[in-house]
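Inspection log for the structure reproduced underneath, given as structure tokens.
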Amino acid sequence: MFRHKIIRSAAILTLANIITRLLGFFYRIFMSNVLGAEGMGLYQLISPVYMLVWAFSSAGLSTAISKLTAEQKATDSYGNMHRLVFAASAFSVFLASAASFFIYVNAPYICSYLLKDTRTVLSLRILAVCFPFMAAGSCIRGWFYGMQEAGVPAQCQVLEQCTRMAVVYVLSFSMLGKGLEAACAMAVTGMAAGEIISFIYVLLRAALRKHHLKSRPTISYKKTGIMLFALALPLTLNRVTGTLLSGAENLLIPAKLQLCGITRSEAVSVYGRLCGMAMPLIMFPSSLLTALATALMPAVSEASAAGHTRSLSSAVEKSLTFTSVIGIGTAGLFICLPYEMGEVIYKCRELGYLLRLLGAVCPFIYMQVTLSGILNGLGKQLYIFIANLLSSIFNIGFICMFVPSHGIEAYIFGWFVSILTTSAISLNIAAGCVNIRLYFNNMLLKPAAAIAIACMSLRFFVSQKDISLYSVHALTASVFFIGSTYMVLLLMLGVFSSQRRYKY
């Protein structure tokens, strides 16, 4: 039963993530054509502010609600769920509203002294309007995750993305030709509209479910606050600190690139290609794993509370193997076809260089996504906080010391080293807590051999037939060939068949 809950939730979220990422793919392509690399860089400069407010106001509380709801659900304490959700949402909206007012009033100073670009003032003020809606929506979605009813959050994802695309498409007719400031504001308006519509939808769905929460709560408001504070505080500190440091990384990259001898405009363009174009493409396949991690967190909490240790161990083992297979396969694709993807998707062949470098990091990025879901479910928020803190400090050190002399490659290398170290330590902690066995043949050696054979087979065939892969049809066929060959080889090598088997 435990395994089926994870599979069902992960399947629903995966479908929603795939739909959202596909829509987002076309949205990013459209945006890159409208804004260009420099415009995408400006758009990305605003992202740390959004992420900081989200981390400060709702990230910890929404995750706490998910975990606490799962624990209360195990004892059928529905009244307690209602009280927890209401208290968390009210406090989250209060924090977000305060942040919204502060940012709206001080937008000129923030853009001048922190973002270092006054063209983002209008965009930042538009974004500030949606913060309270974003905070409340996050908390309510956390309740649905804790109930392991992933359908509503999944629908919210798709609705939010569709709203964003529709608003930007409509506004593009009136904003085109008015400069990068107006174009960036157009993109942010779409983001704000998506958050507001998503909140309205999840609130209506929660209101329809209210009859399930009519039982009286057994915990006082004081205990409710203590429970939320105890769990949400380390999560919030983790998110806020990580977001601040990540934001510092993002703001430092263009500044330090200028020390290489390029202009501010060129530095913002490089930053836009990295964070606005290459990174979304690299992270696209992780939609499968984001869904898995989101489903694992409350499921791990519920299983731990109920004492289902053997079922938990088996599920975690399979999740890690699946993550490794996806990560290594994706790395092979980006290393094999980077320039073709850059040209076909973004009409930017030089993006291929960044895609090839980032491809090597994929297995470790994806592993960290799944491990975060597991460790959050096991209550290891303090470890996650420390690991992310050290990782960001390491990255900032690399940016400051090596980017001015070695360019963007130094940042990617530093990021690779930090995430490799963090993933290895996280894996070791998870193995100790859940008593799992790590099958390195299945997790590393066999997938690496399979993707290498698949990629070399494609390249050999292309060279023999003198075929160009710089078209949509050719690239699609190539990806399908590599993916299908990879899966056949994995099955032949028995990657999915030699795990421990438990009775559920």
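Coordinate-derived values only; no laboratory data. Values in this document were obtained by computation on a predicted structure and should not be read as measured data. Cβ placement follows ideal geometry from the backbone for every residue including glycine, while neighbour counts extend to all protein chains displayed.
What are the semi-axes of the equivalent ellipsoid for region 344-496, taken as the square roots of 5 times the Cα gyration tensor eigenvalues, largest first, in whole Å?
32, 25, 12
Cut-off is 10 Å between beta-carbons; in what order do 421, 63, 330 appear when sorted fewest neighbours first?
421, 330, 63
Using the 10 angstrom Cβ neighbour count as an exposure proxy, how do 438, 61 rank, fewest first?
438, 61
Could you give the size of the charge dipole of the chain about its Cα centre, using +1 on the Cβ of each K and R and -1 on the Cβ of each D and E, expressed in debye and rounded to the nearest 20?
Computed about the Cα centre, the dipole is about 1420 debye.
Please sort 346-352, 117-123 by packing, taking for each peptide the average over its residues of neighbouring beta carbons within 10 angstrom, highest first.
Peptide ranking by packing, descending: 117-123, 346-352.
log₁₀ I(q)/I(0) of the chain at q = 0.07, 0.12 Å⁻¹, via Debye over equal Cα point scatterers, no solvent, to two decimals?
Debye curve over Cα of the chain, log10 I(q)/I(0) at q = 0.07, 0.12 Å⁻¹: -0.38, -1.19.
Restricting to Cα pairs below 8 Å that are 6+ residues apart, what does the relative contact order work out to for region 300-445? Please round to a whole percent.
Relative contact order of region 300-445: 29 percent.
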